[in-house]
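Asks: One structure coming up, written as structure tokens, with questions to follow.
The values are calculated or read from the model by the stated rules, or taken from the named source; none is laboratory data. These numbers were taken from a predicted model, which means no experiment stands behind them. Methodologically, a virtual Cβ is constructed for each residue, glycine included, from the backbone with ideal geometry; neighbour enumeration extends over all protein chains shown. Areas reflect the complete protein model, heavy atoms only, side chains present, ligands, DNA and RNA absent. Shrake-Rupley method; radii C 1.70, N 1.55, O 1.52, S 1.80 Å.
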Amino acid sequence: VTNGTPASANLNIQQVGLDKAFEPNAFQAGDSTTLTITLTNPTASPFTGVELTDNLPGPPLFYVPGTAATTCGAGSATIVDPQTLTLTNGTIPASSSCVITVQVSAPAGTPAGNWTNLIPEEALVTNEGATNVLPASDPVEVYAIGTGVTGEKSFLPSTILEGQNSRLEIQISAPNDT
């Protein structure tokens, strides 16, 4: 058997893995979502002195004061200003991962929109000289208050003769945070 069409794939070889995710990835203006940044060390030795900065894509998104936390050793996750989060003096254990978590919000009244939060390549540095060679990004959606509410009605049975009864059912659905 031969392959008549060439095949290719990207191979990601790097000393440090960096990933980020918003959960939920869509939230209502005036509410918040949790951003988790995962730092992975595939080597047999810990990475120390880990430094990382994450900048939100700007207004209307902002970090919620007092919500930054990390499991990266004795490192400190700090909200420097409404759009800037830093990790200083972190440790990524050998053959393991650690995380930074923080709440991200948008003020009530923010118009609906989509933003992508990006950590560029080489933003993470360690005492050992390791860095992320690929960027990490995740999209997040902010929707206006009341957006996503839907309603449906149905009759059972849907056809009746004069004098017969039919049940009317009305279902209203909304996102969990509405």
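Conditions (1) in a strand (DSSP E or B); (2) surrounded by 14 or more Cβ atoms within 10 Å (Cβ to Cβ); (3) modelled with pLDDT under 90; (4) in contact with a strand residue (DSSP E or B) (Cβ under 9 Å, 6 or more places away or on another chain), marked per residue:
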| residue | (1), (2), (3), (4) |
| --- | --- |
| 104 | yes, yes, no, yes |
| 114 | yes, no, no, yes |
| 151 | yes, no, yes, yes |
| 154 | yes, no, yes, yes |
| 159 | no, no, yes, no |
| 164 | no, no, yes, no |
| 169 | yes, no, yes, yes |
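Asks: Sticking with this structure for a sec: Which members of the stretch 80-93 meet the condition of being of a type in the set (A, V, I, L, M) and either open to solvent by 40 Å² or more (accessible area, probe 1.4 Å) or touching a helix residue (DSSP H, G or I) at 6+ places or on another chain (Cβ under 9 Å) (or both)?
Replies: Scanning the stretch 80-93 gives a single hit, 80.
Asks: If residue 44 satisfies all but one of (1) open to solvent by 60 Å² or more (accessible area, probe 1.4 Å); (2) within 17 Å of the chain's Cα centre (by Cα), what's the number of the condition it fails?
Replies: Of the numbered conditions (1) open to solvent by 60 Å² or more (accessible area, probe 1.4 Å); (2) within 17 Å of the chain's Cα centre (by Cα), the odd one out for residue 44 is (2).
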